[in-house]
Amino acid sequence: MSVERRRVAGQAVQRRDLFEKVTGAATYTVDVTPPGCLHAKVVRSSRAHARILGIETSAALAVPGVIAVVTASDLAALFPRFGHIIPDHAILAMEKVRYYGEPVALVVAENIVAASDGAEAVQVRYEDLPAAMDAEAALAPDAPILHDDDYGASGDESFSEMAATPGLPDHGDSPPRTNVAHTVDLSWGDVDAALAQAHIVVENRVHYPMLYAYAMEPYNAVASFTEDSLHVVSSAQHPFMVRTDLARIFSLPLSRVRVQVPYLGGGYGSKSYTKIEPLAAVGAWVVRQPVKLVLDVEEAIYTTRADSAAITVRSGFDAEGRILARAFDIVLDSGAYADNSPLVLAKAVNRCFGPYRVPNLRVRGRSVYTNTSPASSYRGFGAPQGALAGETNLDRAAAQLGIDPVEIRRRNLVPPGGEILPGKRGIDADLPADLELVAESLQRDARTVPGHGIGVACTASDAGAYPISTAIVRVQTDGSVTVLSGSTEMGQGSRSVLAQLVAEELGVPIEAVDVVQSDTAMSSYERTTGASRTTTLVGLAVQRACADARAKLTEMAAEIEQCPPESLAQGDGVLESADGRKLAFGDIISRWFGGDAGEVTGVGTLRRDGRTQKMPPFWEVGMVGVEVGIDPETGVVRVDQLVTVADVGFAFNPKAVEGQDLGAATQGLGGALFEELVYDGPQLVNPNMVEYRVPRMTDLADKIESIVVERGDGVGPYGAKGGGEGALNPMGAAVANAVAMATGKWPSRLPLTPERVWRLVNDLPEVDAE
Amino acid sequence: MVLPPFALHRPTTTAQALSLLAEDSVPYSGGTELLLAMRMGLIRPTALVDLKRIPEMQEIRTDRSRLLIGAGVSHDRLATDPLVEQHARLLAAAEREVGNARVRAQGSIGGNICFGEPRSDVATVLIALEAELGLANSAGERSVPAEEFFLGPYWTARDATELLTAISIPLPCAEGVYLKFQTVERPTVAVAAVRRPGGDYRVVVGAVGEVPVWADYPGVGEVDPVDLVGRTSPVSDLTGSERYKRHVTEVYIRRAAELLAESER
Ligand SMILES: Cc1cc2nc3c(=O)[nH]c(=O)nc-3n(C[C@H](O)[C@H](O)[C@H](O)COP(=O)(O)OP(=O)(O)OC[C@H]3O[C@@H](n4cnc5c(N)ncnc54)[C@H](O)[C@@H]3O)c2cc1C
C-alpha cells in the first residue's frame, strides 16, 4: 500500500517558527512580564519526610522588597490540592513534607533578588519522619506511610478507558493503608497451565532508571487576577487540563480561568498536566497583583521526573520460540505524589508484553509512593520500562532456543489488523514488514568482529490518548485562513502540520494560513497535547472544520448565485459554477455579507464515535535496531548503527517525522547509556545539567537511518497516525540486547554506563561490598 | 539561583587590578566558575575585579626560550593559535577538548588554573610541559613551577591578593600524547605522557585524584602503570567507583605509554 502525494501535505515545508526561534524572537513564558508584575521564589523542603512544626516568616517579610510569604495556612478558603487522577498534590505542603524540594512557602517580592533573599530567610521547623526512599523500602511491611488521607480519585471515563481493564483507579484506600498509589492488573487465559506445559520458561528482572525529560525550558508561570477572573500564562502542554485544576482550586467557572501557552521550550511529557500554575496563582490571589514564577533546572527536576521501574517477567515458549504465556510484575517508583503515574502504570501494563500473539497473559502493576520527586508523564508512558523487561526476555529465550533474535520476533509479531489487547483496535500497521526493514539495514552494514553486537526491539503503544478534539477554521474576505486549535506547539512542529492540512483541504497557499494555538479563552478546546495525537486527532477535527467551512461557503455561494448548491464544484480556494466561473472564497464571503467584510467559521469536532470509536485511536510503532561496539577494558559502549522505522501511515512533513523519530531514538539512547537521577539520602546527587548526562552529538551513531514508512493505514487525515515517541520506547531494550550479544552477558539495569558494562563483562557485583 | 549583587571594577592595567584586590574583592575573568559559585551561594564577594580589559593578560608570545601565555587567554584561542600549535602542540590538542564550545569561548587558562578544580585538563598538561606560573601582588612578583602550584581541590599556591599574570612554558617543549577518559563534562582520568627535551619521559596523571601526580622515567618502556595508580587518590562518584577509576587509570596510563612508544617508532 502506498499513499498519494499531495500538493502541500506530505511536503517537507519549512517550519513556521524557524526564524523566530533561531533569532531568539519567539516568545516563551519567561518573556512574559505584565505591568505591575511581582516575582516569586519557592521555599522548598530540606527533608525527605517530616512534619512541619512551624513556619517563621517575619524575617523574610522584613527583607526590603518582600510583599508576602504564602503558606498552606493562607489557602484555607481554597481547594488546596491538585491532581487530575488523584487530587493528592498539595500546592504548598500541609502539615508535612513528603520529599526534598517540595514547596513549603512562596515568597512574593518586587524583584527576584528580594524574593530569593526572602526565601532564604523563611525558617521552617521540622520533625523528621522515617523516609521511604525507594519502592522496595516503601513496600516493606513496616514502611512509613506517605499519605494518610483518602483523596477520592477521579471518575473520569477517559482515564478508565485508556487502561485496558475498565474500572476506577484503586488508590489503596482499603485498610491497612499502604504506599501503593494505584494498581492495575491485566490478564487472560491460564498462565500457570501454559507455563507448566512450556518447552522453556525464561525469567528475568530489570531496572529502568529514574529519568528527567530535560526540556530546555524549565517550568514557568505568570498568574494574575482581574475582577473574578484568573489569567495564567504558563509552560503547560495541556492548558485545558490545567484550567480544570485551577477552576477547582479557586471555585471559578471554567470560563473565568484563562490559561494561555506561548511557545514551549520542549515538553516530552514532562509539561503535561498541572505543575507550578497553582503556585503562581495562589501568589497572585494573595497579593492581588500579577506574580511570575520561574524555576531553574534543579527546581524543575524536583517538580517532575519519570517513573523508575523494577519489573520481573516470566515467559513460556514452545520449541519453535512461539510465546505461550507471559507474566509480568511491574513496580513503578512514582515519588511523593501520584500526578499522572496511575496512567503511566496503566500504559506500562498494556505495553510491557509487546505486539505479539500472547495466548495467556498476567500483568500485575503497582505505582508506589516514595519520598522522592514526584513522577509523572514522560515520552513513552511506561512503554520503555516495560519493553526493557519484555524485549530482553525475548532475546534470552531466542538465545536458549538457538533462534535468531529477529526470527523469534517474526514468529510472534501480530499480523496487520491483529489484536494486541482483546476487544481493542487491531494493529493498524504491518509490524512484520517493519521488522524486515530494520533487519535488512542492520545486516547490510554489520561488522562481525569481537566486542560488537546487534540488538533489535519492537513495541506498539496504544496511543492517541482520549479522542476529544475541536477545531475552528476562519476563512477571511481575502481568502486567507485563521485556524484555532487548543493543541500546543512544543517544538514538535504541529503549527506547520496543521497549516499544511488546511492549505491542502481548502486549496489555499500555505502562506495564507495562520495557526493560533493553546489559549483556553481564544482557541478551541483540545483535551491534551500528548500521546502523539496532534496530527491524527487534531488533524481530523481540523479536516472536519475545513469541510464545514466549505459547506457553509457552498450554501452562501448558492444563495448569491441563485443556483442549487449541488451545481457548485469544489476547487482550490474556489467554488466553480456550472458555467465555469471560479468563485473565490473571499469574494463569496464579501458578497454574502456585503461591504467587503465578514468571515466564515468552520467548526470541527472529534469524539469517540465513528472511526475513532475503538480505543486506542491508533497504535504507535516502535521498531529499532542498533549495533554497538564495546571497549572491554573500560566498558564504554559506542553505537555504530542506529536504524529506526517511523511507521506513521502518512508523513505530513517527512523531514519533521524524521526529526521526531531520531529525537525519540536519541532520548531513548540517553536512558540506555547515560541518564539516571541518583538519590543519595534524602536528596539527588545530580539535579543539574553538568552531572545529569544527556546524549550529545558525539554520542550519535556513525550510521543513522530513519526509515519513514507510509502505508496510509492510520485513522487520521490521508491515513496518518502518530509518531514522535515510538522510537524511544524500544531503545533501552535494543541497546541492552546488543550489549548482551557483544559481551555474552545479560544486563539487567540501565543506563549501561562504562562501569556497569565493565562489571558485567568481568562478572563483578553491581557495587562493591564496603 | 539568583546572582547576588556585587560591585564591578574594570581596570586596564595589572597594577590597577592588584590595587583593587582584597579578601572579598576577587579576580574575575570568564566567570565560568566564579559566577556559578556565586549563584550557588558558595562565595559572596562584594566586588569583582574584571581582568578582561588588561591587554597584557591577553597576550601570546615567545621570547627566545619560552612561550608566554597571558592568564586571560581563552581556551579557544589556545586551541587555534599558531604559536601554541607550533611550540606546544600538546597544550593546543588538550585545549581543543576542554569542556564544551561555550566554556572554551568564555573560560580562560588562568581561571582554570586558579580555580584549582581537580579535574582540569590544563593542570595535567602544564605539569607535563614543566610550565612556570607568574604571580604578582602589590609587593612584587614570583614564579611557581606548575608542579608546586596545585595543593588540593580548589586550593592552589596563589595567595588571595595575588594575580596569575602569565604562564611560561620552556622551549623546546616536551612532546607526546594526551589521553583522557571522559563521560561527563569533565575528565574522569587524564594522562599526559611526554618525552622531555632532555630525552627522558614524564607521565602525569590528572583529574582522577585531588591533585595531579607524575613520575619521570629514563625510557618509555619503564612506565609503571600500577605504581602510578597507587599514587593517585580517586574517590567514588557518579563517574565511577574508586575501584573502577583505579582500573581505567591503569588502562589509560598503559595506552598513553604505548601510543608514545609507537609515535617514536
Ligand atoms: C560545564 C563546564 C565544563 C568544563 N569542562 C572542563 C574540562 O573538560 N576540562 C577542564 O580543564 N576544564 C573544564 N572546565 C573548567 C573551565 O576550563 C574553567 O571554567 C575556565 O577555564 C575558568 O576560566 P574563567 O576565565 O571563566 O574563570 P573565572 O570563573 O573568571 O575564575 C575562576 C577562579 O579563578 C580566579 N581567577 C581567574 N583569573 C585569575 C587570575 N588571572 N589570577 C588569579 N585568579 C584568577 C577567580 O577569582 C575565580 O576564583 C569546565 C567548566 C565548565 C563550567
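The values are calculated or read from the model by the stated rules, or taken from the named source; none is laboratory data. Keep in mind that what you see is a predicted model, and the values were worked out from it rather than measured. Ideal geometry is used to build each Cβ from the backbone, glycine not excepted, and the neighbour counts take in all protein chains shown. Just so you know, the surface numbers come from the protein's heavy atoms only, side chains and all, with ligands and any DNA or RNA stripped out. Shrake-Rupley method; radii C 1.70, N 1.55, O 1.52, S 1.80 Å.
Summarising the strand pairing of chain B, around 85 percent of its internal DSSP beta bridges are antiparallel. Mean partner shielding of peptide B:34-40, defined as the number of other chain Cβ atoms within 10 Å of each residue Cβ, is 1. Of the residues B:Cys114, A:Cys546, the one with the largest accessible area comes first in the ranking B:Cys114, A:Cys546, computed with a 1.4 Å probe on protein heavy atoms.
In a reduced charge model with +1 at each Lys and Arg Cβ and -1 at each Asp and Glu Cβ, chain A shows a dipole moment near 600 debye about its Cα centre.
Each residue was assigned an accessible area with a 1.4 Å probe, and for A:Arg607 the value is about 150 Å². Helical runs (DSSP H, four residues minimum) scored at -39500 (n - 2.57) apiece and divided by the length of chain A put the mean residue ellipticity at 222 nm at -7500 deg cm²/dmol. Pairs exceeding 27 Å between alpha-carbon atoms, taken from A:Lys703/A:Lys745; A:Lys614/A:Lys703; A:Lys292/B:Lys52; A:Lys292/A:Lys347; A:Lys21/B:Lys52: A:Lys614/A:Lys703; A:Lys292/B:Lys52; A:Lys292/A:Lys347; A:Lys21/B:Lys52. Remark: segment A:760-770, residue by residue, has Karplus-estimated 3J(HN,Hα) of 4, 4, 9, 6, 9, x, 4, 10, 6, 5, 4 Hz, where x stands for each Gly or Pro and the curve is 6.51 cos²θ - 1.76 cosθ + 1.60 at θ = phi - 60°. Segment A:202-346 gives an Rg/Rh value of 1.16, both radii derived from C-alpha positions and Rh following Kirkwood. Between A:Thr448 and B:Leu3, what is the label-point separation in nm under the 7 Å Cα-to-beta-carbon projection? The answer from the label model is 6.0 nm. In this structure A:Arg258 has an accessible area near 70 Å², from a 1.4 Å probe over the protein heavy atoms.
Selection among A:Leu575, A:Cys37, A:Val538 by position relative to the dipole of chain A gives A:Leu575 as farthest towards the positive end (Cβ unit charges, Cα centre). For segment B:175-263, a crude dipole built from +1 on the beta carbon of Lys and Arg and -1 on the beta carbon of Asp and Glu, taken about the Cα centre, is about 160 debye to the nearest 20. Show the residues, 5+ positions off or on another chain, whose built amide H is closer than 5 Å to the amide H of A:His49. Answer set, sorted by chain and number: A:Leu129. Ranking B:Ala128, A:Met556, A:Ser235 by Cα position along the charge dipole of the protein assembly as shown, where only Lys, Arg, Asp and Glu carry charges on their C-beta atoms, puts A:Met556 farthest toward the positive end. In terms of packing, defined here as the mean over residues of other Cβ atoms within 10 angstrom, the peptides A:244-252, A:325-333 line up highest first as A:325-333, A:244-252.
Only protein heavy atoms count here; on that basis, with a 1.4 Å probe, B:Thr80 has an accessible area of about 110 Å².
Dipole orientation for segment A:593-720: of the candidates A:Gly604, A:Val685, A:Pro617, A:Gly604 has the Cα lying most toward the positive pole (charges on Cβ; Lys, Arg +1; Asp, Glu -1). Ranking of A:Lys614, A:Lys721, A:Lys703 by solvent-accessible surface, largest first: A:Lys614, A:Lys703, A:Lys721 (1.4 Å probe, protein heavy atoms only, all chains present). Once the Cα-Cα distance is subtracted from the 0.36 nm per residue extended length, the A:Asp150 to A:Asp572 segment shows a gain of 146.1 nm.
Charge tally for B:Arg195 (other residues, Cβ to Cβ under 10 Å; Lys, Arg +1; Asp, Glu -1): -1. Mean partner shielding of peptide B:240-250, defined as the number of other chain Cβ atoms within 10 Å of each residue Cβ, is 4.
Between B:Asp63 and B:Gln182, the FRET efficiency estimated from the beta carbon spacing at R0 = 30 angstrom works out to 0.30. Between A and B, buried accessible area from a 1.4 angstrom probe totals roughly 1800 Å², ignoring ligands, DNA and RNA. Overall, the accessible surface of segment B:1-56 at a probe of 1.4 angstrom is composed of carbon and sulfur to the extent of 60 percent.
Label-to-label distance, A:Ala597 versus A:Glu633, with points set 7 angstrom from Cα along the beta-carbon direction: 8.2 nm. These residues, A:Ile560, A:Ile588, go from largest to smallest accessible area, 1.4 Å probe, as A:Ile560, A:Ile588. Each peptide in A:18-26, A:215-223 receives the mean, over its residues, of other Cβ atoms within 10 Å, and ordering these scores from highest gives A:215-223, A:18-26.
Plugging the Kirkwood radius over Cα pairs into Stokes-Einstein for segment B:175-263, at a temperature of 10 °C and a viscosity of 1.306 mPa s, what D comes out in µm²/s? Estimated diffusion coefficient is 124 µm²/s. Could you please state how large a percent of the accessible area of segment B:175-263 is carbon and sulfur, counting protein chains only and using a 1.4 Å probe? That share works out to 48 percent. Charge dipole of chain B (Cα centre as origin; +1 on each Lys and Arg Cβ, -1 on each Asp and Glu Cβ, all else neutral): 600 debye, rounded to the nearest 20.
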